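What follows is a short report on a single structure.
The values are calculated or read from the model by the stated rules, or taken from the named source; none is laboratory data. Treat the numbers as computed from the prediction; the structure is a model and nothing was measured. Here the Cβ is made from the backbone with ideal geometry for all residues, glycine too, and neighbour counts use every protein chain on show.
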Amino acid sequence: MNDLINNMNLFIRNAETRDAEMIIQLVKQVMDESPFFPRTPDEFNFTIEQEEEYIKNAAFFLVAEVNGKIIGSATLDRSKLVRLNHTVLFGITILNTFSNKGLGSALMKKVIEWAELNKIEKIDLEVFGNNAQAISLYKKFGFIEEGRKVKAIKTNKGYEDLILMGKFLNN
């Protein structure tokens, strides 16, 4: 898929194992830039082989490229447990310089489209309570707050709630 978002030549495609190293770099950079990751950069120690395995096993894994550089990704992970595999867990990673340019919406549209085509009944996600930009995006796409883990995240500035959100799909 080729998109032009705010004059960016953006290419969104399925992740491939050859992307593993660039995806690791993306995640590390976003962890450095963003206070909205539960893991610290020091705790993220995926090897290229582990990332390749994750790419192979994810239900759905998209990357967003500009000029050959991966600048964002979106994943859906599906449980292998029979009673849970009608749902997927959503994750998104976008470099700070590319946020607020429509990339989150472009990735979310593709994720929902794939989930509907694959008869997924529900998309779940977790978001920091103080991440207003992400919460706004999720609400725009019909996600609702289903619960809250109070003070689940401890930072050097205090505590943040972890909000559980979900979206039922009309299959």
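Details
- Residue check: residue 98 meets all listed conditions (1) among the aromatic types (Phe, Trp, Tyr); (2) in contact with a helix residue (DSSP H, G or I) (Cβ under 7 Å, 6 or more places away or on another chain); (3) modelled with pLDDT under 95 but one, namely (2).
- Extreme residue, modelled with the lowest pLDDT, among residues of segment 36-57 that are surrounded by fewer than 17 Cβ atoms within 10 Å (Cβ to Cβ) and touching a Lys or Arg at 6+ places or on another chain (Cβ under 9 Å): 41
- Matching residues, segment 105-134, being surrounded by fewer than 18 Cβ atoms within 10 Å (Cβ to Cβ) and among the small types (Gly, Ala, Ser): 105, 132
- Residue 137 being touching a residue at least 24 places away in the same chain (Cβ under 8 Å), more than 21 Å from residue 24 (Cα to Cα) and among the aliphatic types (A, V, I, L, M): yes
- Candidate set from segment 67-96 (those that are hydrophobic (A, V, I, L, M, F, W, C) and surrounded by fewer than 18 Cβ atoms within 10 Å (Cβ to Cβ)); member that is farthest from residue 37 (Cα to Cα): 82
- Count of residues meeting criterion [assigned to a helix (DSSP H, G or I), free of Cβ contacts under 8 Å to residues at least 60 places away in the same chain and aromatic (Phe, Trp, Tyr)] in segment 77-116: 1
- So residue 26, is it of a type outside the set (Lys, Arg), in a helix (DSSP H, G or I) and either touching a residue at least 60 places away in the same chain (Cβ under 8 Å) or under 24 Å from residue 143 (Cα atoms) (or both): yes
- Pick from segment 4-35, criterion acidic (Asp, Glu) and closer than 30 Å to residue 155 by Cα, ranking: surrounded by the most Cβ atoms within 10 Å (Cβ to Cβ): 33
- Flag if residue 151 is part of a helix (DSSP H, G or I), free of Cβ contacts under 8 Å to residues at least 60 places away in the same chain and either surrounded by fewer than 19 Cβ atoms within 10 Å (Cβ to Cβ) or of a type outside the set (Lys, Arg) (or both): no
- The residue pairs whose first member lies in segment 37-56 and is within 26 Å of residue 155 (Cβ to Cβ), whose second member is outside any loop (DSSP other than H, G, I, E, B) and among the charged types (D, E, K, R), and whose beta carbons are closer than 7 Å, counting only pairs six or more residues apart or on different chains, are 41/28; 41/32; 44/28.
- Number of positions in segment 154-166 that are farther than 14 Å from residue 138 by Cβ and surrounded by 11 or more Cβ atoms within 10 Å (Cβ to Cβ): 4
- Criterion (closer than 27 Å to residue 14 by Cβ, small (Gly, Ala, Ser) and under 16 Å from the mean Cα position of the chain (by Cα)) met by exactly one of 99, 79: 99
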